[in-house]
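A.B. asks: Take this structure, written in structure tokens, and hold onto it; I'll ask about it next.
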Amino acid sequence: MVAGDDSAVAGVAGGRLVPDAVVPERPESGDPVVRALAFAGRALERAAARSELTLAQYRVLALVATGDERATAVARRLDLAKPTITAVVDGLVARGLMTRTTVEGDRRASRLVLTAAGVEALVRSEADMGEVVARVLAHADDPDAVVAALTDLDRAMTARMAARFAEEER
């Protein structure tokens, strides 16, 4: 079928053959980087789920483990609204993966700390996700180049976040 051609052809809808249905053309172009990241994200979601974490929970645990202890700082770094970070943190606290305490001198602020179970969940989840990444890299033409590109992407994301914070401070 040619783009713009409205001729009717048989198609499948809901598992049934539908005569005279217009079947859309599959796009031949697109952004392979966006697609790869989207599909990789889904693979990582499944891997994190084996450790009974969502990616949102994983990201919060990972940030708190690296030193972001205040809920507001975590929310800001993840670009999440306060109700969203509160819901994620509430779930982690309820599961015993994190504790929340008030900050001395600022009763409105929360200090987040991973529990031993939280550290274990984070390590287990990263191992599960690492296995997925390793299986994908086994199919790459140049695994080292992919790792280098992803490492550069991580640096770029961090720099973008810092630039966004600097802009907000102005």
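A.B. asks: Taking every Cα atom in the range 33-75, find the radius of gyration and the maximum pairwise distance Dmax, and write them in Å.
C.D. replies: Spelled out, the Cα radius of gyration and Dmax of the range 33-75 are 12.3, 34 Å.
A.B. asks: Which value, in Å² rounded to 10, gives the accessible area of Leu78 with a 1.4 Å probe and all protein chains present?
C.D. replies: Approximately 40 Å² of Leu78 is accessible to the 1.4 Å probe.
A.B. asks: Calculate, for Arg42 and Arg95, the FRET efficiency according to 1/(1 + (r/R0)^6) with r their C-beta to C-beta distance and R0 30 Å; round to the nearest 0.05.
C.D. replies: 0.80
A.B. asks: While we're looking at this one, here's another question. Kindly provide the GluC sites (Glu not before Pro) of the range 74-170 that DSSP labels as loop, not H, G, I, E or B, and whose Cβ sees at most 10 other Cβ atoms within 10 Å.
C.D. replies: Answer by residue number: Glu104.
A.B. asks: Further question: Relative to the present Cα-Cα distance, how much length would full extension add between Asp142 and Arg107 at 0.36 nm per residue of separation?
C.D. replies: 7.4 nm
A.B. asks: Within 12 Å, Cβ to Cβ, of Glu45, how many net charges do the neighbouring residues add up to if Lys/Arg are +1 and Asp/Glu are -1?
C.D. replies: So the environment of Glu45 carries a net charge of +3.
A.B. asks: Which value in nm describes the separation of the simple spin-label points at Val33 and Thr66, placed 7 Å from the Cα toward the beta carbon?
C.D. replies: 2.0
A.B. asks: When the chain is fully extended, how far beyond the present Cα-Cα distance does Glu131 get from Arg170, taking 0.36 nm per residue of separation?
C.D. replies: 9.8 nm
A.B. asks: Follow-up. What distance in nm lies between label points placed 7 Å from Cα along the C-beta direction at Thr86 and Thr151?
C.D. replies: It is 4.1 nm.
A.B. asks: Mind giving me the FRET efficiency for Met161 and Glu25? R0 is 35 Å, r the Cβ-Cβ distance, nearest 0.05 is fine.
C.D. replies: Once rounded, the FRET efficiency stands at 0.35.
The values are calculated or read from the model by the stated rules, or taken from the named source; none is laboratory data. None of these values were measured; they are calculated from a predicted model. A quick note on method: Cβ atoms are made from the backbone with ideal geometry, for glycine too, and the neighbour counts reach across all protein chains shown. These accessible areas exclude ligands, DNA and RNA; they are computed on the full protein's heavy atoms, side chains included. Shrake-Rupley method; radii C 1.70, N 1.55, O 1.52, S 1.80 Å.
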